[in-house]
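Participant: Take a look at this one; I'll ask things after.
The values are calculated or read from the model by the stated rules, or taken from the named source; none is laboratory data. Predicted, not measured: the structure shown is a model, and the values here were computed from it. When we count neighbours, we look across all protein chains shown, and the Cβ atoms used for this are built from the backbone with ideal geometry, even at glycine.
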């Protein structure tokens, strides 16, 4: 017998009402997700399908030309259009309430308070999981995990991403830029110059990196060099990001932040987020399942589910500095 006759309706409504807050809290919990949210690069995919498809352009149309009067205009069919394909990834967290907890919190207000505590616990667990997965080394990314930044932006530019494999001379358009940050004489003495080098070589006109993510150690070194070198002024900050708690510097139009989950062995990343999206499956954006009570236990369980993946449609516009010393 249910202690609170409105238990299922009450808790389902509470979970549903909290869904937007849950999403906001998870996707402002690290610099990349915060930035994608601010740039409206969180896309809801209504198409379903077996994979997430990202159209991409890797070659020019050779028929482009100037002409005069009756000159022949080429209409030769062109290659250069392809697509990257990403698997749907699924994340879940369970919320369980025992019969004893339900009994002890049978008042409507007390039950909501208990449920909110359990939702907060679930939220923090998802925050930690997403934050850790986004920085997993490519070799450590599990079959069910999000595609990670070290997969998109590798130390040698190579790797299989979105079903496209590149190597020296093969699918070169699908390689990210990288440069060595090995010191010349003193620690970090090349860091500023290498940051500039990555920003220059990943840019095409005004299409350039807008976000840099570093580990705390490298970020602190950059900060020391910037303050020492360029007579720091407040205008070097992205004030909007700073207002929500993300310390940062703006260098050549790129907002650089640190993430405690980013390790010095895989840092920094310079990203053109025009080509990076967090895709969520329609109707699978932290939805909660109905409460289920097993036949052999005095408890009820609901799950919060999310389907999606982090996708990239242009690796050439992304870059990194490797072996920083």
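Participant: Would you confirm, using the coordinates I've provided, whether residue 115 is modelled with pLDDT under 75, in contact with a helix residue (DSSP H, G or I) (Cβ under 8 Å, 6 or more places away or on another chain) and surrounded by 12 or more Cβ atoms within 10 Å (Cβ to Cβ)?
Facilitator: Criteria not met by residue 115.
Participant: Something else now. Here's a check for you: in region 51-80, which residue that is at pLDDT 60 or above and in contact with a strand residue (DSSP E or B) (Cβ under 9 Å, 6 or more places away or on another chain) is surrounded by the fewest Cβ atoms within 10 Å (Cβ to Cβ)?
Facilitator: Only one residue tops the list, namely 55.
Participant: Now for a different question. So in region 234-259, with the set limited to residues that are over 23 Å from residue 204 (Cβ atoms), at pLDDT below 90 and assigned to a loop (DSSP other than H, G, I, E, B), which one is nearest to the chain's Cα centre (by Cα)?
Facilitator: Once the filter is applied, the top-ranked residue is 246.
Participant: Let me ask another. Of the numbered conditions (1) over 21 Å from the mean Cα position of the chain (by Cα); (2) in a strand (DSSP E or B), residue 224 satisfies every one except a single condition; which is it?
Facilitator: (2)
Participant: Limited to region 93-112, what total is found for residues that are surrounded by fewer than 15 Cβ atoms within 10 Å (Cβ to Cβ) and either touching a helix residue (DSSP H, G or I) at 6+ places or on another chain (Cβ under 6 Å) or assigned to a helix (DSSP H, G or I) (or both)?
Facilitator: Selection size over region 93-112: 6.
Participant: Is it the case that residue 212 is within 18 Å of the chain's Cα centre (by Cα) and either in a loop (DSSP other than H, G, I, E, B) or closer than 19 Å to residue 255 by Cα (or both)?
Facilitator: When the stated conditions are applied, residue 212 passes them.
Participant: Name the single residue, out of those in region 120-147 being free of Cβ contacts under 8 Å to residues at least 40 places away in the same chain, in contact with a helix residue (DSSP H, G or I) (Cβ under 8 Å, 6 or more places away or on another chain) and part of a loop (DSSP other than H, G, I, E, B), that is surrounded by the most Cβ atoms within 10 Å (Cβ to Cβ).
Facilitator: Out of the qualifying residues, it is 136.
Participant: Please go through region 196-206 and give me each residue that is modelled with pLDDT under 95 and either touching a helix residue (DSSP H, G or I) at 6+ places or on another chain (Cβ under 7 Å) or assigned to a loop (DSSP other than H, G, I, E, B) (or both), ordered by number.
Facilitator: The answer is 205, 206.
Participant: Being closer than 21 Å to residue 270 by Cβ, assigned to a loop (DSSP other than H, G, I, E, B) and free of Cβ contacts under 8 Å to residues at least 12 places away in the same chain, is that true of even one residue in region 148-167?
Facilitator: Checked against the condition, which is being closer than 21 Å to residue 270 by Cβ, assigned to a loop (DSSP other than H, G, I, E, B) and free of Cβ contacts under 8 Å to residues at least 12 places away in the same chain, region 148-167 yields no hits at all.
Participant: Give 297, 281 a once-over and let me know the one that is buried (at least 22 other Cβ atoms within 10 Å of the Cβ), at pLDDT 90 or above and touching a strand residue (DSSP E or B) at 6+ places or on another chain (Cβ under 9 Å).
Facilitator: Within the list 297, 281, the selection yields 281.
Participant: Consider region 171-191. How many of its residues are in contact (Cβ under 8 Å) with a residue 40 or more places away in the chain, outside any loop (DSSP other than H, G, I, E, B) and touching a strand residue (DSSP E or B) at 6+ places or on another chain (Cβ under 7 Å)?
Facilitator: Adding up the residues that qualify gives 5.
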